[in-house]
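So the structure is just underneath, and the comments pick up after that.
The values are calculated or read from the model by the stated rules, or taken from the named source; none is laboratory data. Quick caveat: nothing in here was measured; it's all calculated off a predicted structure. Neighbour counts are summed over all protein chains in view; Cβ atoms, including those assigned to glycine, are modelled from backbone coordinates with ideal geometry. Keep in mind that these areas ignore ligands, DNA and RNA; they rest on the heavy atoms of the full protein, side chains included. Shrake-Rupley method; radii C 1.70, N 1.55, O 1.52, S 1.80 Å.
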Amino acid sequence: MRKLLLSSLFVVTCVPVWSQKAPTVADAKAFVDKANAELLKLSTDASHAEWIAETYITDDTESNTALQNERVAARTLELTAESHKFDKVKLPDDLRRQILLLQLGAPAAPKDPKLLAEETQLAAQLTGMYGKGKFCVEPQKCLGIDPLSQIMAKSRDPEELRKIWVGWHDTGAPMRQKYTRFIELQNIGAKELGYKDTGELWRAGYDMTPAEFSAELERAWTQLQPLYDELFTYVRARLIAKYGKAAERADGKIPAQLLGNMWAQEWGNIYDIVAPTDPKLAQYKPVNLEEALKRQIAAKDPAAAAAFASSTDLTSDAGQTAKLAAGKAMVHYGESFFTSLGFPALPATFWERSQFIHPRDRDVVCHASAWDLDSVDDLRVKMCIEVNDDYFTTVHHELGHNFYQRAYNKQPLLFRGGANDGFHEAIGDAVALSITPSYLKALGLSESEPPAEADIPLQLRTALDKIAFLPFALALDKWRWGVFSGEIKPADYNKAWWELRGKYQKVAPPVDRAETDFDAGAKMHVPANVPYARYYLARIYQFQFYKAMCDASGYKGPLNRCSFFGSKPAGEKLAKMLEAGQSQPWQQTLKEMTGSDHLDAQAMADYFAPLYAWLKVQNTKK
Ligand code: X8Z
Ligand code: ZN
């Protein structure tokens, strides 16, 4: 009788009844420890492969990184599946959260090994295609995105801008087929994990439901859209005054090639075109940071000086040495801001292992990124630094990632991440908001500090980057969410891309685009599959963080004039937030930092309030 019962149980469940006892807290602890240890090893190996693939693009480095990523993904999927055995167990908060984060961080990748391998290969190829992208301005002169971006920033010839814009955007077209398949494969994975599609998985990582998350982004946009609308109207009028017909479209949109940036995502580079004309304001020209940096770097560092001399051949050994010295000098500005707040200096290996400039002999992914290869202190940046305004800000942005990474390295691996990904993107930017006239003066980068009346020109310069970016970021991930959900079909990828860019940013391409084009592919985060809502969040959080640190430093006065450089209380506040990593819901971390537990555009709106009032007046003038 007993035997019979046992054997029938075997038939039904295939598991002996005595091993089916509910898992315990101790089991969960052992599981989480195992997951942390295994994932640390796998992700470190994958990071090394990825680093080599992005700093040395070849078919072999691509397949090598694909293989390593395949290993991490396969094992993460197994661990995620296993973790569900603890779903009904009452666990201490920290174990429950680590398991939750493991589940939410699962890759959108199919379990089927063949499909998984196909997906990781496509991912590596698409990243490589972006990094190799070039446009030949002359038969023997093929340029990558960095020099092309410089032309977009500086040229004021609409014909040249159109040509460069089209040339770069055409690099997207060959990605189209691969990208379509890449989306299909990710969606198979997301469905296997129980999500409707990969977009839903992406939106699930914010300690709220995916639907709540989408609603939060819209809510913040309604807070800031009035400011964008005024800025847009003002900029459009000034562009028409400058370029005439080339800037004027009957539908009221701005031609995207005229805004100083390849993707029209940040418009600060056209400040000269839109600067106030009222002589009272026009006398306050923002510091020419590029010139000031070059002057100062050359004076302090003789090795770097040759990088700025027109007689230097930058591809020569001496030229490369000079460029590297100049690039490092740029990074030192950023590092010294963080050390002034009380953070320890970057490790020696950072300076030895980072890629600071474009190597002369090979293709690399130039798009700036910050790395922590061993999840402890093998910190690096990968950039192609030029000495100019944009890179000055980007250096601070990237170091924000590196200081965050190091600050949370005492947490268990599953907690080593930003409170959410928007926090990670916001740290360096919040610090960079402290690059005020008084800070530049203190550094010797400008001679005088302009008076309070100069705030409008200054705010306008900042808003061109900060406010103009919001609808771009929103449109980008709305497009991707639509692509993932199937609402946007492959046959309409490009049409939908321009509809969304038109709807949110009110920009249009310089020439008609077709479905043989794939303009989204010309933006790094699409082929490299980096979610973009994080940058939208960051644009708003950074003003919340900045205000909190200004308050901590004891600053009183208009927010946009605050610099918390050198403030230890501001640094302590920041360090506390960074050290927590993702060990608790971000709402809690935000509350400790700012007193508020939600994304709040008010700090940003307050910062730009004087500009908003001024723009409204300008836009009602005939
Ligand atoms: O990609 C970046 C950083 C690296 S995380 C340089 N950013 C976005 C972009 O360039 O599109 C920073 C601002 C937005
Ligand atoms: Zn970043």
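If packing is taken as the mean number of other Cβ atoms within 10 Å per residue, what is the order of 551-559, 251-259, highest first?
251-259, 551-559
So what's Rg/Rh here for the stretch 487-562, counting alpha carbon atoms and using the Kirkwood radius for Rh?
Value, to two decimals: 1.21.
Taking the chain as the reference, fit the longest principal axis to its C-alpha atoms, fit the long axis of helix 25-55 to the helix C-alpha atoms, and give the angle between the two in degrees, 0 to 90, nearest 10.
With both axes taken from Cα atoms, the answer is about 40 degrees.
Once phi is turned into ³J(HN,Hα) by the Karplus curve 6.51 cos²θ - 1.76 cosθ + 1.60 with θ = phi - 60°, what whole-Hz value does each residue of the stretch 191-201 show in order, with x for glycine and proline?
5, 4, 7, x, 9, 5, 6, 5, x, 5, 4
How much accessible area per residue does the chain have, counting only protein heavy atoms and a probe of 1.4 Å, in square angstrom?
42
In the stretch 202-304, which GluC sites (Glu not before Pro) are in a loop and have at most 16 other Cβ atoms within 10 Å, using DSSP for the loop call? All intermediate terms of the calculation are to be shown ahead of the outcome.
Values: sites: Glu212, Glu216, Glu218, Glu230, Glu248, Glu266, Glu290, Glu291; in loops: Glu248, Glu266.
Counting only loop positions with at most 16 other Cβ atoms within 10 Å, the GluC sites (Glu not before Pro) in the stretch 202-304 are Glu248.
For Gly486, which sequence-distant residues (separation of 5 or more, or a different chain) have an amide H within less than 5 Å of its own amide H, given hydrogens modelled in the peptide plane?
none
Between 0 and 90 degrees, rounded to the nearest ten: what's the tilt of helix 145-154 against the longest Cα principal axis of the chain?
30
Cα to Cα, under 19 Å, and not fewer than 8 places away if on the same chain: which lysines meet these conditions relative to Lys141?
Lys141 reaches Lys132, Lys154, Lys163.
As an exercise, find the ratio Rg/Rh for the stretch 407-533 from alpha-carbon atoms, using the Kirkwood inverse-distance average for Rh.
Answer for the stretch 407-533: 1.10.
Under a 5 Å amide H to amide H cut-off, with H placed in plane at 1.01 Å, what residues pair with Leu143 once short-range neighbours are removed?
It is Phe135, Cys136, Val137, by chain and number.
Where does the chain land on the Kirkwood hydrodynamic radius, alpha-carbon pairs, in angstrom? Display every interim value, and only then the final one.
Working: mean 1/r = 0.0386 Å⁻¹.
That comes to 25.9 Å for the chain.
With 5 Å bins from zero, work out the P(r) of the stretch 127-186 over every alpha carbon pair and list the percent per bin.
Reading the bins upward from 0: 4, 17, 24, 22, 13, 10, 6, 4, 1.
If you plug each phi of the stretch 613-620 into the Karplus form 6.51 cos²θ - 1.76 cosθ + 1.60 with θ = phi - 60°, what whole-Hz ³J(HN,Hα) values come out, in order, with x for Gly and Pro?
With coefficients 6.51, -1.76 and 1.60, one gets 4, 5, 4, 4, 5, 4, 6, 9 Hz.
Over the Cα atoms of the stretch 55-195, what radius of gyration and what Dmax do you get, in Å?
20.9, 67
Can you compute 3J(HN,Hα) from phi for each residue in the stretch 160-166, using the Karplus curve 6.51 cos²θ - 1.76 cosθ + 1.60 with θ = phi - 60°, rounded to whole Hz and x for Gly and Pro?
Each residue of the stretch 160-166 in turn: 5, 4, 4, 4, 5, 4, 5 Hz.
Can you give the helix-only mean residue ellipticity at 222 nm for the chain, where every DSSP H stretch with n ≥ 4 adds -39500 (n - 2.57) and the sum goes over all residues, rounded to the nearest 500 deg cm²/dmol?
My calculation for the chain gives -19000 deg cm²/dmol from helical runs alone.
So what is the relative contact order for the chain, in percent, with contacts set as C-alpha pairs under 8 Å and at least six apart?
That works out to 18 percent.
Give the long-range amide H neighbours of Ala508: residues separated by 5 or more places, or on another chain, with amide H under 5 Å away, using H modelled in the peptide plane at 1.01 Å from N.
Ile254, Ala256
Among 478-486, 451-459, 565-573, what's the highest-first ranking by average C-beta atoms within 10 angstrom per residue?
Descending packing order for the listed peptides: 478-486, 565-573, 451-459.
To the nearest 10 degrees, how steeply does helix 113-132 sit against the main Cα axis of the chain, on a 0 to 90 scale?
Helix 113-132 sits roughly 10 degrees off the main axis of the chain.
Relative contact order for the stretch 74-216 using alpha-carbon pairs under 8 Å, separation at least 6, rounded to a whole percent?
The normalised contact order for the stretch 74-216 reaches 27 percent.
Listed here are the pairs Lys294/Lys382; Lys34/Lys111; Lys441/Lys478; which of them are more than 30 Å apart at the Cα?
Working: Lys294/Lys382 21 Å; Lys34/Lys111 21 Å; Lys441/Lys478 41 Å.
Beyond 30 Å between Cα atoms: Lys441/Lys478.
How do the peptides 411-420, 365-374 rank, highest first, by the average count of neighbouring beta carbon atoms within 10 Å per residue?
Numbers: 411-420: 22.1, 365-374: 20.2.
Per-residue Cβ counts within 10 Å, averaged per peptide and sorted highest first, yield 411-420, 365-374.
Percent of accessible area on the chain owned by carbon and sulfur, 1.4 Å probe?
Details: 14640 of 26180 Å².
After summing per-atom areas, the C and S share lands at 56 percent.
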